[in-house]
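Enquirer: Before we start, here is the structure in question, set down as structure tokens.
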Amino acid sequence: FAMMRGGHLDICVLGAFQVSVAGDLANWHTGAPDAIPAVGGAMDLAIGARQVFVMMDLLTRSGDSKLVERCTYPLTAPACVDRIYTDLAVFDVTEQGLRVRETVEGVTLADLCRLTGLALEALAPAA
């Protein structure tokens, strides 16, 4: 914990139940009455690392987007996520919201907007 809390980690990679367009992270509890909360070091990692990357499926088993306008699950940490890697695309969290960095072959920006219900934009190509 001294490594995490001391700011000695450059990058941490976590899973998530939800990530908001502002980079808020919810990964320890779904809020369901029968769910067992998994409180651990995620809160320390999320605020202690210089960059936080999330790896997750874009959709839940029931087809709901894990990328949301505002997290409905209890937060692990606010505005801590820098990049999100999913099975369909990679997203950067910016001050303007989520930007699509790249997609898997055959997936379009319009597909991602439809699946997530969010107004997504493509990351401008590097000059």
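None of the figures in this text is laboratory data; all of them are computed from the coordinates on show. Since this is a predicted model, take the numbers as computed values, not measurements. Cβ: placed from backbone, ideal geometry, glycine included. Neighbour counts: every protein chain shown.
Enquirer: So between Ala124 and Thr60, what do we pick up on full extension, going 0.36 nm a residue minus the alpha carbon distance?
Expert: Details: separation 64, 0.36 × 64 = 23.04 nm, distance 2.85 nm.
Additional length available on full extension: 20.2 nm.
Enquirer: While we're on this one: Check which residues have an amide H placed less than 5 Å from Ala122's amide H, if you skip close sequence neighbours.
Expert: Hits under the 5 Å cutoff: Val100.
Enquirer: Same structure, new question: Would you mind working out the magnitude of the charge dipole of the stretch 1-94 relative to its Cα centre, with +1 at each Lys and Arg C-beta and -1 at each Asp and Glu C-beta, to the nearest 20 Debye?
Expert: On the way: 6 positive and 10 negative charges, 30 e Å.
Roughly 140 debye for the stretch 1-94.
Enquirer: Put +1 on the Cβ of every Lys and Arg and -1 on every Asp and Glu Cβ in the chain; which of Ala38, Gly23, Phe53 then has its Cα farthest towards the positive end of the dipole?
Expert: Ala38
Enquirer: Please state, rounded to one decimal and in Å, the Kirkwood hydrodynamic radius that the stretch 2-122 gives when every pair of distinct Cα atoms enters the mean of 1/r. If you can, show how the numbers build up before the last one.
Expert: On the way: mean 1/r = 0.0685 Å⁻¹.
It is 14.6 Å.
Enquirer: Another one. For Leu88, Leu98, what's the fewest-to-most ordering of other Cβ within 10 Å of each Cβ?
Expert: Values: Leu88 17, Leu98 25.
Final ranking by Cβ density, sparse to dense: Leu88, Leu98.
Enquirer: Hey, what's the Kirkwood Rh for the stretch 1-52 if you take every pair of different alpha carbons, in angstrom? Kindly include the intermediate steps, with their values, before the conclusion.
Expert: Working: mean 1/r = 0.0842 Å⁻¹.
Hydrodynamic radius (Kirkwood, Cα pairs) of the stretch 1-52 is 11.9 Å.
Enquirer: Another question about this same structure. Name the long-range amide H neighbours of Ala77: under 5 Å, sequence gap of 5 or more, or other chain; modelled H, no Pro or chain starts.
Expert: So Ala77 has HN proximity to Leu25.
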